[in-house]
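Written out below as structure tokens is the structure these notes cover.
The values are calculated or read from the model by the stated rules, or taken from the named source; none is laboratory data. None of the values given here were measured: they were computed from a predicted structure. Cβ placement follows ideal geometry from the backbone for every residue including glycine, while neighbour counts extend to all protein chains displayed.
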Amino acid sequence: MKRDARPWMRYVRGRWWQLPLAALLLAAAILMPPIEFKRPVFRYVVTFDITQSMDVEDVAIGGKPVSRIDLAKAAMSDVLQHLPCGSEIGWSVFTNQRSLLLVAPVEVCSNYDALLSSLDQISGKMRWVNSSVIAQGGIYSAVRAATDLGHNTDVVFITDGQEAPPVAPNETTVRDIPQGLVHGWLIGVGGDQPAPIPKTNADGVRTGFWQADEVRQVRPEPGAPAVAESHEELSQLRETYLEALAGHLGFGYRRLVGPTSLRAPLMDARYAHPIPVATDIRWAPALLALVLLVWRFLPARRIAQADKLASTSITTTRARSASHSTSATAESLQ
């Protein structure tokens with residue numbers, strides 16, 4: 001059998017198996033079903049304080065002053081972008097003495113647009129009462145809602161810590177919630193300096209600011225030591241109070257200072273729950289098929305070009321040799 005002397009042809013014939021194997025890999029990429037892997041995911045019900053103190057604009061995004069509730073929503077929007085698929089998020093709002101579940105936890109990837117859209121609608125316009133009872137009302141109902149939902153549902157409660165009517169300075173009692181009943185985070189938001197609280201009407205339109213004679217101030221109990229003058233018409237982050245509440249509940253506490261502040265705590269491995277998640281890995285056989293096809297054709301072309309250049313060089317050399325030989329013969333005849 002005559003052997004082909006061209007190296008690029010020998011190369012191509014020696015790689016005949018690459019095309020059928022690439023075809024099989026592409027078929028697998030089309031037909032392969034998702035495969036289940038254990039993956040750490042998270043499940044939260046996020047409760048937003050929507051009382052009027054959350055409208056105070058003493059925090060910032062990108063250097064621009066915004067309200068506390070807007071910063072909280074921006075931070076949760078950032079978290080939605082980074083939670084792993086399979087995680088579940090639900091929304092809740094708090095005012096008066098209870099937290100109201102708006103959206104039960106749903107999977108974040110398949111419901112991403114719906115979660116963003118519903119998050120954008122959360123605002124003070126949802127308030128049904130202006131009072132704010134955090135420890136004895138809001139947190140209690142948020143925790144109870146999480147236990148009713150089950151399936152390892154954790155709680156995220158975002159608030160500035162201001163209650164109306166105000167509680168005594170050292171009061172941190174949480175209504176009959178056993179520590180460790182559920183896990184979660186108490187998130188504080190707001191500035192350190194007292195700021196006026198915007199007053200809004202039933203339509204959510206601002207009509208000014210609350211004045212000292214329009215709100216209930218802290219009054220010392222009979223026989224109790226005198227306290228500093230109360231200014232409940234002003235609001236600031238009640239961080240010491242919230243840290244004490246978190247300690248009673250067995251929750252973690254974080255301060256919300258920017259749009260990315262919630263990413264680390266809400267993706268803390270201690271709050272992860274490993275579950276089987278269907279994972280699409282069709283990209284793997286498709287990538288292998290691409291590698292085979294590149295290997296099959298690209299190097300062969302380069303070898304063919306090198307072979308062509310070598311043949312051209314040999315032909316040119318032979319032509320020059322023949323020319324020199326002819327010239328020498330002619331000179332000898334003369």
- Task: Filter segment 28-83 for residues that are in contact with an Asp or Glu (Cβ under 7 Å, 6 or more places away or on another chain) and over 20 Å from residue 197 (Cβ atoms) and give the result.
- Result: 34, 43, 44
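How about segment 107-122: which of its residues are in contact with a helix residue (DSSP H, G or I) (Cβ under 8 Å, 6 or more places away or on another chain) and surrounded by fewer than 18 Cβ atoms within 10 Å (Cβ to Cβ)?
Quick first cut of segment 107-122, residues in contact with a helix residue (DSSP H, G or I) (Cβ under 8 Å, 6 or more places away or on another chain) only: 108, 112, 115-116, 119-120, 122.
Across segment 107-122, the qualifying residues are 112, 116, 120.
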- Query: Here are some residues: 59, 66, 93, 79. Which one is in contact with a strand residue (DSSP E or B) (Cβ under 9 Å, 6 or more places away or on another chain) and without any contact (Cβ under 8 Å) to a residue 24 or more places away in the chain?
  - Reply: 66
- Message: Condition (residue is surrounded by fewer than 24 Cβ atoms within 10 Å (Cβ to Cβ) and assigned to a loop (DSSP other than H, G, I, E, B)) applied to segment 134-149: is it met by at least one residue?
- Response: no
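Residue-by-condition table, conditions (1) buried (at least 19 other Cβ atoms within 10 Å of the Cβ); (2) free of Cβ contacts under 8 Å to residues at least 60 places away in the same chain:
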{"residue": "246", "(1), (2)": "yes, no"}
{"residue": "257", "(1), (2)": "no, no"}
{"residue": "265", "(1), (2)": "no, no"}
{"residue": "272", "(1), (2)": "no, no"}
{"residue": "275", "(1), (2)": "no, no"}
{"residue": "279", "(1), (2)": "no, no"}
{"residue": "288", "(1), (2)": "no, no"}
{"residue": "291", "(1), (2)": "no, yes"}
{"residue": "294", "(1), (2)": "no, yes"}
- Query: So residue 27 clears everything in (1) in contact (Cβ under 8 Å) with a residue 40 or more places away in the chain; (2) more than 23 Å from the chain's Cα centre (by Cα) except one condition, right? Which one?
  - Reply: (1)
- Exactly one condition in (1) farther than 23 Å from residue 270 by Cβ; (2) touching a helix residue (DSSP H, G or I) at 6+ places or on another chain (Cβ under 8 Å) is not met by residue 128; state its number. (2)
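Just to be sure I understand, how many residues within segment 101-130 are part of a helix (DSSP H, G or I) and either outside the structural domain of residue 87 (by TED's automatic domain parsing) or over 23 Å from residue 205 (Cα atoms) (or both)? Explain how you work it out, then say what you get.
Going residue by residue through segment 101-130, those that are part of a helix (DSSP H, G or I) are 112-121, 124-126.
So of that shortlist, the ones also either outside the structural domain of residue 87 (by TED's automatic domain parsing) or over 23 Å from residue 205 (Cα atoms) (or both) come out as 112-116.
Summing the residues that are part of a helix (DSSP H, G or I) and either outside the structural domain of residue 87 (by TED's automatic domain parsing) or over 23 Å from residue 205 (Cα atoms) (or both) in segment 101-130 gives 5.
Output the residues belonging to segment 200-212 that are within 33 Å of the chain's Cα centre (by Cα), surrounded by 10 or more Cβ atoms within 10 Å (Cβ to Cβ) and over 12 Å from residue 54 (Cβ atoms). Before you say what the answer is, go through the steps one by one.
Of all residues in segment 200-212, those within 33 Å of the chain's Cα centre (by Cα) come to 200, 203-206.
Subsequent filtering for residues that are surrounded by 10 or more Cβ atoms within 10 Å (Cβ to Cβ) retains 200, 204, 206.
Result: 204, 206.
With the condition kept exactly as written, say whether any residue in segment 43-54 is in contact (Cβ under 8 Å) with a residue 12 or more places away in the chain, among the small types (Gly, Ala, Ser), surrounded by 18 or more Cβ atoms within 10 Å (Cβ to Cβ) and closer than 19 Å to residue 262 by Cβ.
First, the residues of segment 43-54 that are in contact (Cβ under 8 Å) with a residue 12 or more places away in the chain: 43-54.
Then drop every residue that is not among the small types (Gly, Ala, Ser), which leaves 53.
Now narrow it down to the ones that are surrounded by 18 or more Cβ atoms within 10 Å (Cβ to Cβ): 53.
Subset that is closer than 19 Å to residue 262 by Cβ: none.
No; the residues of segment 43-54 include none that is in contact (Cβ under 8 Å) with a residue 12 or more places away in the chain, among the small types (Gly, Ala, Ser), surrounded by 18 or more Cβ atoms within 10 Å (Cβ to Cβ) and closer than 19 Å to residue 262 by Cβ.
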